[in-house]
Structures are given as C-alpha cells and as structure tokens.
Amino acid sequence: MLLGVTFLRRLHPLDWLAAALLCLGLLAVATGLLPAGPAADVLARVGPLLVFLATVIVLAELTGRAEVFDVVATWVARAGKGSYALLFGLCVLFASVTTITLNLDTTAVLLTPVMLALASRVGIAAVPLAMTTVWLANTASLLLPVSNLTNLLAADRVALSPSGMAAVMWPPQVAAIAATMVCLWVFYWRRGARGEDRYPPPEPPRPADPVLLRVCAVACGGFLLVLLADLVPLWAASAAAALVVVVVFARRRREELRWSLVPWRLLVLVPGMFLVVETAGALGMHELLASAIGTRDGPLGVLRTAAVGAGFSNALNNLPAYVAGEAVVPPGNHEQLLGLLIGVNVGPLVTPWASLATLLWFERCRWHGTRIALSRFMGTSLVLAATGTVAATVALVATA
C-alpha cells in the first residue's frame, strides 16, 4: 500500500490526464457508446503509431544522453562567433532539422533543456532560445511523416511516400518557418527584446564517450536515409535504429538503460485520445465539424479548413482535431486534407494544451527555472499561429 501511495504521488498531472482519457475511451466501448467495430479500427490504426512513437523517443533520448545534441548546440553557439543575428539563424536551422527528422516531441523534450543549459553556460538570454524551440517544434513539422504524429495519420489518406510528401509540402514548410523567423526576431530576438549586443562563444565540446556519440549520430542519420528511401515501414526503421543505439549503450553504459526511457505517458494518452474522439464523433461532433469545414477543395476551401483545424487544435488538441477533421473531409479532396494538416501542425501554438509538444516544453522550462508570462506567450503565439497558417496554406495552394 505504501508503494502504491508513493507511486500515485509521483504521477505528473499529464499522467492523470492520459489515464483519464484511456479510462473514458474504454468505458465508452464497454457501455456501447462506441461500437466494438469502430473501436477495433481505431486501435488497429494506432498500433503502428505507438511502436514508432516508443522507439523514436527511445532513440532520441539515448542520442541526447550520448551528448549528440549538446555537441551540436555548442558548435552552433561557436559558429555564431558572438553575433546574435548569426546565432539566430543557426538556432532556427538546428531546431528545424531536429523537428523535421526526429519529430516535434524530440525538440520539445530534448532540445529545450540543451538550449537552456547552453544559455546558462554562455550567458545567452534564455527566453529567445526557449521560444525558438517551442515554436519550431510545431511549425517545422510539416515536411516528413516522421515530423509529427498527425503526418503519420495522414499518410494513408494523402497516399504520398516520405519523399513525395516532402516534394508537396516543402513550399508550405518554408513559408511556415519564414513566418516563424519573422515573429521570433520581432518579439524575442531583436536587440530591444533580448537586451544584449553580443555573447561569448563557448569552449569546444568534449564528449565523455566519443564512440557512443558517433554510433548514435550514425544511427540517427541512417534512420533518416531509410525514411526518405521509403524502403520499410516507418515503425520498422525507427525500431531498427533504436535497437542499434540500445545495443551500443548495453555494451558501454548499461546503467542508462531503464524502463523510464519508454514514453509510457504517450503510449497511454494516444489510444485514449483516439477512442474519446471517435466516441465524440459517434455522438454528433462530426456533423458540427463537417458544417464548419465544408467540402470545397479550392483555395478558399483549403484556407477555411486550415483555419478550422487551427482553431479546434487550440480549443482541444491537435491530434483529436486532425482525426475528427479527417473524418469529414471528402476522400477526393487531397488539397483540403493537406490544408487541415497545416492547420493542426502550424496553428496549435496559442494555448498550452494545443500540442503535446507545447505541454512538454512548459514542463521542461519550469524544471529549468525559465519563466515566460502566459499572456505574452499566448499573445505572440496567436500572431504566429495566424500568419504562419495563412502563409503555409497560400504556399500550398500556389504550388499545388
């Protein structure tokens, strides 16, 4: 009993939320609110996503512990040579590449503490670095299926390979990152906002285990190449890369391999969220969304769909927003579906719960002691959510 009480006290509020959603979903199935057939279809769809999510988080976590991110962040700061303008461009590139190749949760969970620790060591203002990670964790997640769980959900409907998706989505992705850069510079990085002229470049990095660092870096690079070549299912590629990293850690730093590496919270939250959304759809939410989104696949219809996706994401969360929106977009309206994807990827910035990555980012900032006023966060994020969603959608329509 004492162990049980201790365990319950250690649970994070997000753990309680994940458990509550799963219980609600299972209760809906048990009571018949959600028929067994649709429930089984949901779980079959979620299964490969959960394997990917578990393995890619383990891959990213161990890569972080091998100091790959620390080394890259230090070299980024050194390459900036004391110039905030150059550092800004390099940080944007670093956060964007991390999000695109290892997904937005990796940026929120691992890159945030690395950048904040770098700010402390070098004397760089922490808030600009923190906002760079959280905004680009969302807005830089359009390009590849691996970048965001919503992209994985959309992969079958849009019928695009990873390279095919990149070919279609690179203009919206460039537009979203460009809008993010403008908002970051105006609100957080310009001289009047950050309060410093220059910064002292850090000393060269000295990793504790260079062999471990190189193997993890190669495993991540190999994962990306296999992903772009579309040789195997995404979950198989992430599992293979994670296995390589786990094996090398077992040989060199076995004590780092713990069950806490597995993202249990996400593995409970995602199926629960999907079951709850499917239940809400069965109770009439789909009709409400259908009237809001419409069925037009032209420029105005795509922009309307993106706006509804962004609004629904900030009201609830981007994952259920995509699932519910996808269910009402006509099967042949591929541009409209991509517009929805832009809305639920670029738009969920305003409220702390709009994206799981933002929730994780708030938790990491609080642990580090970095504070940003919620009113300022929501106000500046609203500007980016609106401009970024519109810019990316216009780029999609213009290049479709």
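Computed from the coordinates by the stated procedures, all read-outs in this text should not be read as laboratory data. Note that the coordinates shown come from a computational prediction; the quantities given were computed from them, not determined experimentally. Here the Cβ positions follow ideal geometry from the backbone for every residue, glycine too, while neighbour counts run over all protein chains shown.
Points to keep in mind about this one:
- Take each peptide in 313-323, 275-285, 208-218, count the other Cβ atoms within 10 Å of every residue, and average; sorted highest first, the result is 313-323, 275-285, 208-218.
- Our estimate of slack between ARG252 and ALA208, defined as 0.36 nm per intervening residue step minus the Cα-Cα distance, is 14.7 nm.
- Candidates PRO38, TRP16, ALA66 compared by Cα position along the dipole of the range 12-86: farthest toward the positive end lies ALA66, with charges placed on Cβ.
- Check: the range 12-399 dipole with +1 on Lys, Arg Cβ and -1 on Asp, Glu Cβ, in debye: 1100 debye
- Label selected from (i) 41, 37, 16; (ii) 43, 30, 17; (iii) 32, 26, 21, the criterion being semi-axes √(5λ) of the Cα gyration tensor in Å as computed here: (iii)
- Theoretical gain in end-to-end length, TRP170 to LEU231 [0.36 nm per residue, Cα-Cα removed]: 19.8 nm
- When you filter the trypsin sites (Lys or Arg not before Pro) in the range 354-400 for DSSP loop state and at most 13 other Cβ atoms inside 10 Å of their Cβ, you are left with ARG371.
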